[in-house]
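Asks: Supplied in structure tokens, the structure appears directly below.
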Amino acid sequence: FIAFMGDAELDEGNIWEAIADQATQGLGNVTWVVDFNRQSLDRVVPGVKVHQWQVQFLAAGWQVIEVKYGRKLQAKFKEEHGEDLRAWIDAMPNEQYQSLFALKGEELRQRFLEGAPEGAKAAVAGVSDEDLAPLVKDLGGHDLASMLEAYRQADATTDRPTVIFAYTVKGWGLPSAGNPRNHSALMSTEQVNEMRARTQLTMATEWDRIPEDTAAGRWCNARAQHLERPRPDGHLSIAVPERVETRSPSKPISTQEGFGRIVTSLSRDEAVAKYLVTTAPDVATSTNLAGFINRAGVYSPDEIRDWNEDDPMLKWSQHPQGQHIELGISEMNLFLLLGQLGLSWDLSNQPLLPIGTVYDPFVCRGLDAFIYGTYSGSRFIIAGTPAGVTLAPEGGAHQSTITASIGMELPGVTFIEPGYLGALDWLLCDSLQRIASGETDSSAYFRLSTRPLDQAPFEAARTRLGEKVLRRQVLAGGYRLHDAFAARPDLRESNAPVVHLAASGAVIPEALAAAAELADEGVAAHVVDVTSLDRLYAAWRSGLAAGVRSASVPAYPLILREIFPEKAPVVTIHDAASHAMAWIGSALGVPAVPLGVDKFGQSGSVSELYELFDLTSGSIVNAALAALALE
Ligand SMILES: Cc1ncc(C[n+]2csc(CCOP(=O)(O)OP(=O)(O)O)c2C)c(N)n1
Ligand SMILES: [Mg+2]
């Protein structure tokens, strides 16, 4: 695995997070080449940082190779006064060295030797004006023989990764070479023509492939054949079950705890288990992965003795067959790893079902790698938990409010936020099945909570709707959890005003309580459990988009018709920023009052915070009356 990178890119912290993690140590088949031109976008990088960087790589256990000077300079260094010349160039400030590239002849000699010791002056005294410029610019990164030697050394080292610092000139061979403003410099037509002539190309041939009957052409072909691999054959020959939990527990349970149970149960399914890989940035146990880890072990290239093997709660048994990869506290590394695990099928013919966990607020810390992973077509499951303000007693910093929008807006990722174990079970198994089927864009982001919910309302909905309809609707993004008319037929008979309460995740109990209070006030309030805002939105959007493209009446999705059959105002309730659900009013063409968490950082009990953000049943009742008044 070879990666090329710019030197200024080494300022990005995620590079150092990655190389510092134990999980990346000992990777003998990894080589990084740093294009060490000491220029970034804005400037010549002051005070070369190479020493600091090299020490950092060494400390992380890497082999560091420096390819600084080309063969011309190396030969010169061996001549009389050569060492003085080397010392002079080594000590020269970066900016001064780079400024030489624009100069020629006597001007170059003067600038190069400004303040130089006698030895360095003597070393180049016999070099003609014509030869001086190529000599001064002779850096190792442009010298093929020096680079090949470095690659050989990298290949020969198989117990650790290698980084090669290849000294180069930015814009090598162009008129703007080394110019501090060359990052976005364009060449004039004349300059392009001159370069064409110099490289023996014409406008007719400049995009030609390398002729196949040359040594270079044959080599390119051989490499292409070597790298080509058959496309994965469509789907895994495993069937992920529709669900793994047989019935809802009688005690209240949170989605986070339910998630842990489901993943553990999946590890008992022989067909599925061997493909499962979990990972977490030091939050595996606090996100309920312990049950899985106890069964599947922790990955380590070598077997490591477990000194706490008698602990009945957690067996941290580390060995080469372990299926959990533990990371340090770096959400960036979590998503980098998930991104790669989710491509292992495409890149290494190894299908996997990768599942990561992260504290939901810290999704934002790994967002860059999350986006890149999905951009490159990776498929994985991420559980963000706990989410929202339900961890409020622990303090304001562990709250996530904007993540629902992030999940909805990320292409290639389906955002899912169930409230009940039965729904989570179907949705998680279905998401794994989609990955196992090789479906594109099949990553899923589950936003989960630590708030235990009584499961009885879900079982009531199962009885009312039937298993088949309920599962279909849960997977499609929502179902009617509470039917006001089924519960209170008198409301239908009295032609009571109707309102929809659409809620997602942890706040569903407040919506149900509000519906009961509203019934007592003569208002029929139906409660919809929105299991995937993303799927509902996508269904609505795709109908609209088709209408826009064909200038015809947009199709209206079946799922919205099914779960909001009456045209009535809606209140949306979410332990997340209120805007994420606010579009539902537009979709239904009705007045809407969105409730949610639009401030950040308050600490308190859950009920205190729900009070503060108008998420209590009383506030929902008032919001419903306001929505009816807007009608
Ligand atoms: C994450 C990120 N931040 C900023 C930029 C804008 N940018 C593009 S190139 C560049 C400078 C890169 O310098 P270096 O890595 O040394 O590469 P060089 O151009 O010298 O080869 C910057 C800041 C970017 N592309 N990506
Ligand atoms: Mg650079």
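Asks: Compute the Kirkwood hydrodynamic radius of the stretch 269-344, taking the inverse of the mean of 1/r over all pairs of distinct Cα atoms, and give it in Å to one decimal.
Replies: Computed over the stretch 269-344, the radius equals 13.0 Å.
Asks: On to the next question. Would you kindly calculate the translational diffusion coefficient of the stretch 1-56, applying Stokes-Einstein with the Kirkwood radius from alpha carbon pairs, for 10 °C and a viscosity of 1.306 mPa s, and quote it in µm² s⁻¹ without decimals?
Replies: In µm²/s, the coefficient is 127.
Asks: Something else about it: At 0.890 mPa s and 25 °C, plugging the Kirkwood radius over alpha-carbon pairs of the stretch 71-136 into Stokes-Einstein gives what diffusion coefficient in µm²/s?
Replies: Translational D for this selection: 208 µm²/s.
Asks: In degrees from 0 to 90, rounded to the nearest 10, what is the angle of the helix 467-476 Cα long axis to the longest principal axis of the chain?
Replies: Roughly 40 degrees between the two axes.
Asks: Subtracting the Cα-Cα distance from 0.36 nm times the residue separation, let me have the gained length for Glu95 to Ala397 in nm, one decimal.
Replies: Taking Glu95 through Ala397 to full extension adds about 104.3 nm, to one decimal.
Asks: Treating only the Cβ of Lys, Arg, Asp and Glu as charged (+1, +1, -1, -1), what charge dipole size does the stretch 363-464 show about its Cα centre? Round to the nearest 20 debye.
Replies: 60
Asks: Any idea what % of Cα-Cα pairs in the stretch 477-630 are farther than 18 Å?
Replies: The calculated P(r) of the stretch 477-630 puts 56 percent of pairs beyond 18 Å.
Asks: Further, regarding this structure: Assuming a viscosity of 1.306 mPa s and a temperature of 10 °C, what translational diffusion coefficient in µm² per second does Stokes-Einstein assign to the stretch 187-227, Rh being the Kirkwood radius over Cα pairs?
Replies: My calculation gives 133 µm²/s for D.
Asks: What do you get for Rg/Rh of the stretch 22-141 when both radii come from the Cα atoms and Rh is the Kirkwood radius?
Replies: Dividing the radius of gyration by the Kirkwood radius yields 1.04.
Asks: Mind listing the long-range amide H neighbours of Val33? Cut-off is under 5 Å, sequence gap 5 or more, other chains count too, H placed in the peptide plane at 1.01 Å from N.
Replies: Close amide H contacts, sequence-distant or interchain: Ala3, Phe4, Met5, Ile164.
Asks: While we're here: Assign unit charges at the C-beta atoms only (+1 for Lys and Arg, -1 for Asp and Glu), then state the dipole size of the chain relative to its Cα centre in Debye, rounded to the nearest 20.
Replies: My answer is approximately 1240 debye.
Asks: Angle, helix 421-436 long axis vs. longest principal axis of the chain, Cα atoms, 0 to 90°, nearest 10?
Replies: Between helix and principal axis, roughly 40 degrees.
Asks: Ok, one more. Using modelled amide H (1.01 Å from N, peptide plane; none on Pro or chain starts), what sits under 5 Å from the amide H of Leu139, excluding residues fewer than 5 places away?
Replies: Gly70
Asks: Same structure again: Please list log₁₀ I(q)/I(0) at q = 0.09, 0.19 Å⁻¹ for the stretch 255-447, using the Debye equation with identical point scatterers on the alpha-carbon positions.
Replies: -0.30, -1.43
Asks: Nearest-5 percent of antiparallel DSSP beta bridges in the chain?
Replies: Taking every DSSP beta bridge with both residues in the chain, the antiparallel ones total about 15 percent.
Asks: Once phi is turned into ³J(HN,Hα) by the Karplus curve 6.51 cos²θ - 1.76 cosθ + 1.60 with θ = phi - 60°, what whole-Hz value does each residue of the stretch 170-179 show in order, with x for glycine and proline?
Replies: Once rounded to whole Hz, the list reads 5, x, 3, x, 9, x, 8, 3, x, 5.
Asks: Can I ask one more? Can you give the convex hull volume per residue for the Cα atoms of the stretch 383-428, as a whole number of Å³?
Replies: 80
Asks: So which aspartates and glutamates pass the test for Lys49, namely a Cα distance under 19 Å, with those fewer than 8 places away in the same chain ruled out?
Replies: Result set, ordered by chain and number: Asp7, Glu9, Asp11, Glu12, Glu17, Asp35, Glu66, Asp90, Glu95.
Asks: Here's another thing I want to ask about it. Taking the Cα centre of the stretch 477-630 as the origin, how large is its charge dipole in debye, to the nearest 20, when only Lys and Arg (+1) and Asp and Glu (-1) carry charge on their Cβ atoms?
Replies: 800
Asks: Using amide H atoms built 1.01 Å from N in the peptide plane, name the residues 5+ places from Ile355, or on other chains, whose amide H lies under 5 Å from its own.
Replies: Amide H to amide H, under 5 Å and 5 or more residues apart or across chains, Ile355 pairs with Val277, Thr278, Thr279, Ile381.
Asks: For the stretch 34-170, what relative contact order do you get, as a whole percent, if you take Cα pairs closer than 8 Å and at least 6 residues apart?
Replies: Computed over the stretch 34-170, the figure is 44 percent.
Asks: How many percent of Cα pairs in the stretch 130-240 exceed 23 Å?
Replies: Of all Cα-Cα distances in the stretch 130-240, 61 percent exceed 23 Å.
Asks: Taking the 0 to 90 degree range and rounding to the nearest ten, how far is the long axis of helix 456-465 tilted relative to the main principal axis of the chain, both from C-alpha atoms?
Replies: So the helix axis and the longest Cα principal axis differ by about 80 degrees.
Asks: Something else: Can you compute 3J(HN,Hα) from phi for each residue in the stretch 213-225, using the Karplus curve 6.51 cos²θ - 1.76 cosθ + 1.60 with θ = phi - 60°, rounded to whole Hz and x for Gly and Pro?
Replies: Result, ordered by residue: 8, 9, 4, 5, x, 5, 5, 4, 4, 4, 5, 4, 5 Hz.
Asks: I'd like to know which of Gly618, Phe564, Ala185 lies farthest towards the positive end of the charge dipole of the chain, counting +1 on Cβ of Lys and Arg and -1 on Cβ of Asp and Glu.
Replies: Phe564
Asks: Could I ask something else about it? Show me, for the stretch 118-128, the HN-Hα J-couplings you get by feeding each phi into the Karplus relation (A = 6.51, B = -1.76, C = 1.60, θ = phi - 60°), rounded to Hz, glycine and proline as x.
Replies: Taking θ as phi minus 60°, the curve returns 4, x, 5, 4, 5, 4, 10, 4, x, 8, 5 Hz for the stretch 118-128.
Asks: Specify which residue in the list Pro134, Gln52, Gly377 is farthest towards the positive end of the charge dipole of the chain, using unit charges on the beta carbon of Lys, Arg (+1) and Asp, Glu (-1), about the Cα centre.
Replies: Toward the positive end, the furthest listed residue is Gly377.
Asks: Helix-only mean residue ellipticity at 222 nm, the chain, DSSP H runs n ≥ 4 weighted -39,500 (n - 2.57), per residue, nearest 500. What is it?
Replies: For the chain, the value works out to -12500 deg cm²/dmol.
Asks: In units of 2.2 N^0.38 Å, what is the alpha-carbon radius of gyration of the chain?
Replies: Normalised Cα radius of gyration, the chain: 1.24.
No lab work stands behind these numbers, since they all come straight from the coordinates. Here the structure is a predicted model, which is why all the values come from computation and not from measurement. Counting neighbours? That spans all protein chains shown, and the Cβs are built from the backbone with ideal geometry, glycine included.
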